[in-house]
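Okay, so here's the structure we're looking at.
The values are calculated or read from the model by the stated rules, or taken from the named source; none is laboratory data. Every value quoted in this text rests on a predicted model; they were computed, and no experiment measured them. In this analysis, Cβ positions are derived from the backbone assuming ideal geometry, glycine residues included, and neighbour counts consider all displayed protein chains.
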Amino acid sequence: MRPPHGVIRLLGSLRMDWRQGDIEGVLQACYRRGISLYRLEVRGNQCQVEILLTDFPMVYSLCRACGVKIRFIEKHGWPFWLQKMRQRPSFLLGFGIFVVLLLILQSMIWQVSVSGVQNEDLKQAIMQATREAGLYPGAPRSRFANVDWLQSDLLKKMPNLLWVGITVDGGKANVEVITKVPPSSPELAGPRDIVAAKTAVVKTVYATRGIAKVFPGQVVRPGQVLISGALADGEQQVPASGKVLAEVWYTSHVEVPLHIQRSSLTGQFVVRDYLAIGNLRVRLWGWAQPKYGAETTREQKSSWAMGHWKLPIQWEQARVYEVQPLALSRSEQAARELALHLVTQDVLSQSGGEKIILGQMVLQPTIAHGKLYETVLTRTEENIGAYAPIHLPQGKIMDNGTGA
Amino acid sequence: MRRWKRRLQQAATDWLSLPPDTMSGVSRLTCLGGEQVIVENVVGLLHVSDARVEVDLQNSRLTLLGRDFVVTLVSVGEVHVRGLVQQITYHAKGDVS
């Protein structure tokens, strides 16, 4: 029916002062015509009233008809504000320019940064590439709603990048890159010999560079030169390379018990809860006393703390498990097999690279004290070569500079 | 026709046990703490001054007497008055005040 007073103030209202004439008649006429009046104050022949701006023409004609004089006191609402604005176009223009400028500036990329690289040159190169791809300060932001194309573009342009991630956050664009780690370059080998690492019988020598100094069938000792990098009596030195396959013997002493005591959990357990106050332990729960033949206890203690201070009161839970002892015994045959298996594992795990087992020989198998004792000889074929600095024959002086 | 409508309204109000002012144009006067008066279902505005406000109701005339009256709203069928009310008087139509 009637708008609240705050709303009429927004829509446009007028507060007037009426004097002289037939005020009563105007009020009644207003009421009949359904014109809402607000804050009506009548004092004798004078009246103050507020009306909606849209009702004013009718009120004015009524007042004229009844000879009432009108004086305006207050004006409210946006129609008056609009009029005021119309009188000050420069202010309105300034406001409009401000809004437009704000819209333009907020739709631009302001800053492009590169993270993930320390190298300043690479950073500059990435900056250049992004600029060419279209991401630069001043570029319209709307273009980077979806940055997948830009990322793939950058990856194509910079082959030394592994991954490019672009995040546009407001007016800031950040290009995060991960560079490819270059593969480690092969070690530059200096002049060297290949010497024997173990005592062995040489079977085959494959010298790809250098001079082979041993022959198949020859017994070599550790440190003996197998392939020499010194050519022409040491005048030319090269990094020797190649393989020397030789037969190596390993002697292993092994003992395997025939009877084993093993214990296993049966799955039965009882739980006991304690409240530990300092050194005192009060059992709160778990009073069962099971009749286990053997048992093992596992304890778990809470770590209640206030900040860094560990509380003196802690909860402790102990689980008592039933244990079943288990006696296992092996046959001699099984023990022998196991011994051989253990020896093979041991030999294969020793240093010297890949090995081929040529044969195994069991010596002195004895059973004593419930154990099987054996000595096993294992023959393997393996590469016994190891790199070493060039070893010149006695009496030869190292002289690379002038040449003898 | 008018009488029929009135009777129908009356019957509906009785049947739904609504207060009579909701349907059938009976005027309602609300007085809050002797300082604010709201009169609804007003037919006409007869007199307004700072000491006396007189409104026309359907079957009677209501006179408010007091001090410092400000009519905060005059709208269709509704008059809100604020001020110190001293006396509220109803006069049946035709009586001479």
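Each residue in region A:167-200 was checked for being surrounded by 17 or more Cβ atoms within 10 Å (Cβ to Cβ) and assigned to a strand (DSSP E or B), and 10 pass.
Does A:ARG43 satisfy being closer than 17 Å to B:LEU73 by Cβ, within 14 Å of another protein chain (Cβ to nearest Cβ) and surrounded by fewer than 19 Cβ atoms within 10 Å (Cβ to Cβ)? When the stated conditions are applied, A:ARG43 does not pass them. Picking from residues in region B:29-46 that are surrounded by fewer than 15 Cβ atoms within 10 Å (Cβ to Cβ) and within 30 Å of B:ARG2 (Cβ to Cβ), the one that is modelled with the lowest pLDDT is B:GLY44.
Filtered by the rule that a residue be in contact with a helix residue (DSSP H, G or I) (Cβ under 9 Å, 6 or more places away or on another chain) and modelled with pLDDT under 85, region A:43-80 gives a lone residue, A:ASN45. Scanning region A:140-151 for residues that are surrounded by 12 or more Cβ atoms within 10 Å (Cβ to Cβ) and either in contact (Cβ under 8 Å) with a residue 24 or more places away in the chain or in a helix (DSSP H, G or I) (or both) yields A:ARG141, A:ARG143, A:PHE144, A:TRP149, A:LEU150, A:GLN151.
Looking across region A:3-26 at every residue that is at the interface with another protein chain (Cβ under 9 Å from one of its Cβ atoms) and over 30 Å from A:LEU82 (Cα atoms), the one that is surrounded by the fewest Cβ atoms within 10 Å (Cβ to Cβ) is identified as A:GLU24. Taking the criterion of being exposed (fewer than 12 other Cβ atoms within 10 Å of the Cβ) and modelled with pLDDT under 90, would at least one residue in region B:69-85 satisfy it? The answer is no, given that none of the residues of region B:69-85 is exposed (fewer than 12 other Cβ atoms within 10 Å of the Cβ) and modelled with pLDDT under 90. The residues listed here are B:GLN86, B:GLN58; of these, the one that is farther than 18 Å from A:TYR31 by Cβ and of a type outside the set (Ser, Thr, Tyr) is B:GLN86. When A:GLU322, A:GLU247 are screened for being in contact (Cβ under 8 Å) with a residue 40 or more places away in the chain, closer than 30 Å to A:ASN383 by Cα and assigned to a strand (DSSP E or B), only A:GLU247 passes. How many residues are within 14 Å of another protein chain (Cβ to nearest Cβ) and either outside any strand (DSSP E or B) or out of contact with any Asp or Glu (no Cβ under 8 Å at 6 or more places or on another chain) (or both) when one looks only at region B:43-64? Counting residues in region B:43-64 that are within 14 Å of another protein chain (Cβ to nearest Cβ) and either outside any strand (DSSP E or B) or out of contact with any Asp or Glu (no Cβ under 8 Å at 6 or more places or on another chain) (or both) gives 10. Considered as a group, the residues in region A:214-244 that are assigned to a loop (DSSP other than H, G, I, E, B) and in contact with a Leu (Cβ under 8 Å, 6 or more places away or on another chain) include one that is nearest to A:GLY385 (Cα to Cα), and that residue is A:VAL214.
Scanning region A:130-141 for residues that are in contact with a strand residue (DSSP E or B) (Cβ under 9 Å, 6 or more places away or on another chain) and under 16 Å from A:GLY165 (Cβ atoms) yields a total of 2.
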